[in-house]
Amino acid sequence: MTSTLLAEKRTLLGRAAKTLRQENLIPAELYGNGVPNIHLSVPKKEFLDTYKKAGESSMIDLKIGGEIKKVMIHSISKHPVSEEVTSIDFFEVNLKEAIQVNVPLVFVGEPAGVKEKGGILLKNMIEVEVEALPANLPPEITVDLSSLIDIGSTIYVRDLVIPKDVKIEESPEAAVVSIAAKMTEEEDLASSEEADLSAITAEKEKPEEETASEPKAE
């Protein structure tokens with residue numbers, strides 16, 4: 001089910017948009033291919049709820065006045081300290097044109113390779129890039145970890161279950177998640193010593209800074 005988000009056109013731009021945030025509104029921009037940019041504001045709480053459900057890989061019905069536009073959340077900006085959302089970019093999609101987006105991976109099931117064999121679960125990917133018509137984009141792709149039964153067991157991109165109208169833009173041989181053996185204390189110590197030795201060697205091999213030549217006396 002497509003989420004609906006109310007938006008209003010705004011006239012406050014630049015630093016003046018700070019006033020919107022004080023009213024629990026977030027400044028936003030709507031753009032698209034061949035579509036003029038529209039300056040908007042959206043209610044903070046409603047946007048956060050919608051973002052939690054839709055993420056950046058699902059369509060949203062953006063209602064502006066009496067008009068509804070099919071959009072996706074292209075990007076968000078956050079305050080570097082508070083992590084508050086400070087602005088949003090919406091992208092108006094063409095329902096007849098395929099687009100490429102990153103879809104999050106959701107890991108389910110319990111890997112026997114960890115529980116019974118004492119291995120370590122290594123997640124090499126948390127999302128994959130896919131191409132599809134906007135209406136066919138999955139909000140997420142499920143990865144079943146129960147097939148990882150032994151040390152060395154791996155799930156590759158080719159093993160992912162995706163809808164037939166969706167194409168994954170990743171190498172089929174790329175590892176998504178795998179089970180690795182735990183290092184022994186000796187191996188862990190040797191690895192640490194090797195890393196320290198490499199750091200020392202790299203430091204010694206740094207070229208000495210050239211000293212500036214003395215100016216010639218006239």
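Laid out as a table, the results:
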quantity: Under-5 Å amide H pairs with Arg10, H placed in peptide plane, nonlocal only; calculated: His39, Leu40, Ser41
quantity: Net charge, Pro134 excluded, C-beta distance under 13 Å - Lys, Arg +1, Asp, Glu -1; calculated: -3
quantity: Integer Hz, Karplus 6.51/-1.76/1.60 couplings in order for the stretch 37-49, x for Gly and Pro; calculated: 5, 10, 7, 10, 9, 10, x, 4, 4, 5, 5, 4, 5
quantity: Virtual paramagnetic centre 7 Å along Cα→Cβ of Ile162, amide N under 19 Å, in the stretch 75-107; calculated: 96-107
quantity: Cα-based convex hull volume of the stretch 3-93 per residue, rounded to whole Å³; calculated: 98
quantity: Straight-distance crosslink candidates among lysines, where the alpha carbon sits under 20 Å from Lys52 and sequence neighbours closer than 8 are dropped; calculated: Lys44, Lys63, Lys69, Lys70, Lys78
quantity: Point-charge dipole on Cβ atoms (K/R +1, D/E -1) for the stretch 100-180, about Cα centre, debye to 20; calculated: 180
quantity: Sequence-distant residues sharing a close amide H with Ser58 (under 5 Å, placed H); calculated: Ile73
quantity: Alpha carbon centroid spacing (whole Å) that separates the stretch 66-136 from the stretch 1-27; calculated: 23
quantity: Thr142 long-range amide H proximity, modeled H, under 5 Å; calculated: Val106
quantity: Derived scalar couplings ³J(HN,Hα) [the stretch 117-131; Karplus, 6.51 cos²θ - 1.76 cosθ + 1.60; whole Hz; x for Gly, Pro]; calculated: 9, x, x, 10, 7, 10, 9, 8, 9, 10, 7, 9, 7, 10, 10
quantity: Spatially proximal lysines relative to Lys123 (Cα-Cα < 17 Å; intrachain offsets below 8 disregarded); calculated: Lys115, Lys182
quantity: Extension gain, Lys53 back to Glu127 (0.36 nm per residue minus Cα-Cα distance, nm); calculated: 25.0 nm
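The numbers here are math on the coordinates, done by the rules we state, and not lab data. All of these numbers come straight from a predicted model, not from anything done at the bench. As a convention, Cβ positions derive from the backbone with ideal geometry for all residues, glycine included, and neighbour counts pool all protein chains shown.
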